[in-house]
Amino acid sequence: MMGVVVLLLLPVSASMAERLAVQRMEDGRLYDAMGDVYDLAGVRLVEQAEEPAVHAAMQEFIDGVIGGADVRFEASPFEMSGMTKNRYGDRIGVILYGENRWLEEELILRGYAVWSGRAGYPDDLRRRLVAAERMAILEKAGLWRMRTVLDSNNPPKQYWKGQFVIARGVVRDVHKTSARTYLNFGEDWKTDFTAAIPSSVRRKFESGGWKLSELSNKSILIRGFVRFYNGPYLELDFPEQMEIEGTANDE
C-alpha cells in the first residue's frame, strides 16, 4: 500500500480491552451484536461522493477488519478526559485489531480518513493521528493520490458551501474584535481566506501561554468547514483544529 510500512502500537494493555463482535459499520459508527454502538472518534472518513474508488477500498478494508475474530475496544485512554460517550450515547475509545493495530490510526495511514480536529481528544493520541495523516500525505495514500492540502494563501476560486478542508498557509494579519479574532491569509480581508476564532473560545487557544496575536507571520495548518463570507471563511471552535508549524522563513 505504502512505500514505507509503519507499525504503530497503541500503548495500552491488550488485556484491558473488551472483545467485540462487530456486525456492521454505518456513518463512522460500529454496531456490535450486543446492541452497543462505537464511535470512530477523531477520524473523518472519505465519502463516496468525494472519492468513490477510495471509499470502496475503505469499506472493503473495514469489512475485513470487523469480519475478523479479534476486534477489541479500549476506553481507558479517554476516561481521564471524561470523553467516554458522544451525545448520542455511542461509546468512545480506541478500536484495536490484529497485533494491537489501532483502527482509527490505520484508516488515516491508508488515506481512507483524515484527522477531524475533534475537541477534547487525548493529546498523545491526537499527535499520533496527525503524524499518521502526514505520512499518508507524503505517501499519497488513498484520497491523497488526487487531493492536496489547500493553500490558504492562494485558495482556489470557487464557491464555498460548507466543504470540509485541510488548509495550510502563513497568517498575514491578525485582527481582534470583541466578537472574534480573525486570521487573514491575504492582503485584502474582503476577498482572502480567513479563519475566525470566536471570543468565547479564545482562552482555550491561548491556554498554552501564547497569544493569538503572535500568529502573525506563522505558518499554520487548520481544518474545518469552509463557507463563503467575503471569500473563503472557516471558523475555528477548538484548538484541535489548528497546528502551529513555524514562522514563514523557517527552513
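Only the coordinates and a few stated rules stand behind these numbers; no lab work does. This one's a predicted model, so the numbers in the text were calculated from it and none came from an experiment. Cβ: placed from backbone, ideal geometry, glycine included. Neighbour counts: every protein chain shown.
Quick check: pseudo-label points 7 Å beyond the Cα along Cα→Cβ at ASP151 and LYS204, how many nm apart are they?
Each label point is offset 7 Å from its Cα along the Cβ direction, giving 3.2 nm.
Would you kindly give the portion of the calculated P(r) for region 14-145 that falls above 24 Å, as a percent of all Cα pairs?
Distances greater than 24 Å cover 25 percent of the Cα pairs.
What list of ³J(HN,Hα) values in whole Hz, one per residue of region 189-203 in order, does the Karplus curve 6.51 cos²θ - 1.76 cosθ + 1.60 (θ = phi - 60°) give from phi, with Gly and Pro shown as x?
Once θ is set to phi - 60°, the couplings for region 189-203 become 5, 6, 10, 7, 6, 10, 10, 10, 10, x, 4, 5, 10, 4, 4 Hz.
With label points built 7 Å along Cα→Cβ from the Cα atoms of ARG87 and ALA131, find their separation and express it in nm.
Inter-label distance under the simple model: 3.3 nm.
Using a simple charge model, +1 on the beta-carbon of Lys and Arg, -1 on the beta-carbon of Asp and Glu, nothing else, what dipole does region 8-111 show about its Cα centre, in debye to the nearest 20? Please list the in-between numbers first.
On the way: 10 positive and 19 negative charges, 49 e Å.
Roughly 240 debye, rounded to the nearest 20.
What are the trypsin sites (Lys or Arg not before Pro) within region 66-155 that DSSP puts in a loop, where the Cβ has at most 14 other Cβ atoms within 10 Å?
Answer in residue order: ARG87.
So how long is each side of region 150-247 along the principal axes, counting just the alpha-carbon atoms, biggest first, in Å?
37, 26, 22
For each pair in LYS85/LYS218; LYS85/LYS204; LYS85/LYS211; LYS161/LYS218; LYS85/LYS161, compute the distance between the two Cα atoms and list the pairs where it is over 24 Å.
On the way: LYS85/LYS218 35 Å; LYS85/LYS204 22 Å; LYS85/LYS211 32 Å; LYS161/LYS218 27 Å; LYS85/LYS161 30 Å.
Where the Cα-Cα span goes over 24 Å, the pairs concerned are LYS85/LYS218; LYS85/LYS211; LYS161/LYS218; LYS85/LYS161.
Looking at the chain from every direction and averaging, what is the projected area of its Cα convex hull in nm²?
On the way: hull surface 58.3 nm².
Projected over every direction and averaged, the Cα hull of the chain covers 14.6 nm².
What does the helix-only formula give at 222 nm for the chain: each DSSP H stretch with n ≥ 4 adding -39500 (n - 2.57), the total divided by the residues, and the result rounded to the nearest 500 deg cm²/dmol?
Values: 5 runs with 47 residues, N = 251.
Calculated at 222 nm, the ellipticity per residue is -5500 deg cm²/dmol.
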